[in-house]
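Just so you know, all these numbers are worked out from the coordinates, no wet-lab data involved. Source: prediction; values computed, not measured. In this analysis, Cβ positions are derived from the backbone assuming ideal geometry, glycine residues included, and neighbour counts consider all displayed protein chains.
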Amino acid sequence: MSETVLIVGAGKGLSASLGRKFYDQGMSIHLAARNIEKLEAVAGEVNAGLYQCDASKIDDVANLFSDLDSNIGTPDLVIYNPSSRLPGGIADLDPHATLESLKVTCFGAFLIAQQAASRMQKRGSGSIFFTGASAGVKAFPNSSVFAMGKFGLRALAQSLARELHPQNIHIGHFVIDGGITSNSSANKSVDRTLDPDAIAQTYLDFFKQHRSAWAWEIELRPWVETF
């Protein structure tokens, strides 16, 4: 039976590259997003199962994993991609919008991880990966909400790595330090932004690490990016 991967917050960019990369390895692909209509083309490429889920909502996440239990069982790999940017100065930020943004970037990751980890603990194996950003290690002005979310995401990953690595559950946090190339981007030919296919290759390499030498975090950036 082939290994399975669940990609949460799937879209046409990095998630599509991840789906294609793991599909090429013979894995069964499953995509979850609030709007699954936008995923039909990608799903067709990789013969993916589609699940409608707002990862920031407790009941949606519980229902997602209940459906997975019935259809595929516990995924071998779960990847959490969603994030929400809410720029603005501290005095001008709307508290309600701030809370909703934090739910997407950080709380949703907790919900997905909790459901995935509880199942992986029973099986005794699995991998959970989180897509981070520059903001998770360095906060920028007028970006406090995104920084809070991504700092929280990184803290969640670090804590889970220390808790779950000894239980044979591999945790990965990927600091994407730079913009990601779109298929139409002029930067693609000169590598000024991160190629999503190259990022996906790193996720695959991370997934294949031998447990005697597991990493929990890696930073990825273009060669011209300052840090």
(request) Please list 212-221, 168-177 highest first by mean number of surrounding beta-carbon atoms within 10 Å per residue. (result) 168-177, 212-221
(message) Just to check I understand the Karplus step: with θ = phi - 60° and J = 6.51 cos²θ - 1.76 cosθ + 1.60, what whole-Hz values come out for region 192-207, glycine and proline as x?
(response) 7, 10, 6, 6, x, 5, 5, 4, 4, 4, 5, 4, 5, 4, 5, 4
(request) Could you line up Cys106, Cys53 from fewest to most neighbouring Cβ atoms inside 10 Å? (result) Cys106, Cys53
(request) Name the residue, out of His165, His96, His30, whose mean-square fluctuation peaks in a Gaussian network model built on the chain with Cα pairs under 10 Å. (result) His96
(message) Straight-line reach only, C-alpha to C-alpha below 15 angstrom: list the aspartates and glutamates that Lys208 could link to, leaving out same-chain residues fewer than 8 apart.
(response) Glu3, Asp24, Asp76, Glu217
(request) Starting from the Cα of Lys12, draw a straight line to each of the lysines and keep only those under 18 Å, dropping any in the same chain fewer than 8 residues away. (result) Lys21, Lys38, Lys188
(message) For Ile36, Ile90, which order do you get if you count the other beta carbons within 10 Å of each Cβ and list the fewest first?
(response) Ile90, Ile36
(message) Could you identify which residue out of Gly11, Gly178, Gly88 has the top mean-square fluctuation in a GNM of the chain using Cα springs shorter than 10 Å?
(response) Gly88
(request) Tell me which residues come under 5 Å, amide H to amide H, from Ser84 once H is placed; ignore anything under 5 positions away on its chain. (result) Thr105
(request) For Asp191, put the label point 7 Å out on the Cα→Cβ axis and report which residues of region 209-223 keep their amide N under 13 Å from it. (result) 221-223
(message) Show me, for region 29-44, the HN-Hα J-couplings you get by feeding each phi into the Karplus relation (A = 6.51, B = -1.76, C = 1.60, θ = phi - 60°), rounded to Hz, glycine and proline as x.
(response) 9, 9, 10, 10, 7, 5, 10, 8, 4, 6, 9, 4, 5, 5, 4, x
(message) I need to check one value: relative contact order of region 4-220, counting alpha carbon pairs closer than 8 Å and at least 6 residues apart, in percent.
(response) 19 percent
